[in-house]
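The values are calculated or read from the model by the stated rules, or taken from the named source; none is laboratory data. Computed from a prediction, not measured in an experiment: that's the story for all the values here. Reconstructed Cβ throughout: ideal geometry from the backbone, glycine too, with neighbour counts over all protein chains shown. Quick note on the areas: whole protein, heavy atoms, side chains included, nothing else; ligands and nucleic acids left out. Shrake-Rupley method; radii C 1.70, N 1.55, O 1.52, S 1.80 Å.
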Amino acid sequence: MTNERTGKSIRNAQIKKIFLLNGNQQMIQQYYAFWKVDNSGFYTEEFADILKK
């Protein structure tokens, strides 16, 4: 089992990719980033922007 991002890098004809469903809805994986308010700065904000993209 792998997520979509990692699955794209797998190039093997013996491996079949299928979507996981919850009823009729495709399951997704969400990512979150947290940092302390007093630890914000240029690099933290830039990293957060990269994650948003």
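Scan A13, A48 and give me the residue that is modelled with pLDDT of 80 or more and among the small types (G, A, S). Working first, answer last.
Values: A13 fails: modelled with pLDDT of 80 or more.
Unique residue meeting the criteria: A48.
Go through segment 1-40 residue by residue and tally those that are small (G, A, S), surrounded by 10 or more Cβ atoms within 10 Å (Cβ to Cβ) and assigned to a loop (DSSP other than H, G, I, E, B). Give the steps one after another, and end with the answer.
Initially, segment 1-40 is screened for residues small (G, A, S), giving 7, 9, 13, 23, 33, 40.
Within this subset, residues satisfying the condition of being surrounded by 10 or more Cβ atoms within 10 Å (Cβ to Cβ) are 7, 33, 40.
Narrowing the set further to residues that are assigned to a loop (DSSP other than H, G, I, E, B) leaves 33, 40.
Qualifying residue count, segment 1-40: 2.
So which pairs qualify, if the first residue must be in segment 17-31 and over 16 Å from G7 (Cβ atoms), the second must be open to solvent by 100 Å² or more (accessible area, probe 1.4 Å) and at pLDDT 80 or above, the Cβ gap must be under 7 Å, and the two must be at least 6 apart or on different chains?
none
Working only within segment 41-53, note down all residues that are closer than 18 Å to R5 by Cα and in a loop (DSSP other than H, G, I, E, B). Show your work before the answer.
Let us first name the residues in segment 41-53 that are closer than 18 Å to R5 by Cα, namely 50-53.
Of everything in segment 41-53, just one residue is closer than 18 Å to R5 by Cα and in a loop (DSSP other than H, G, I, E, B), namely K53.
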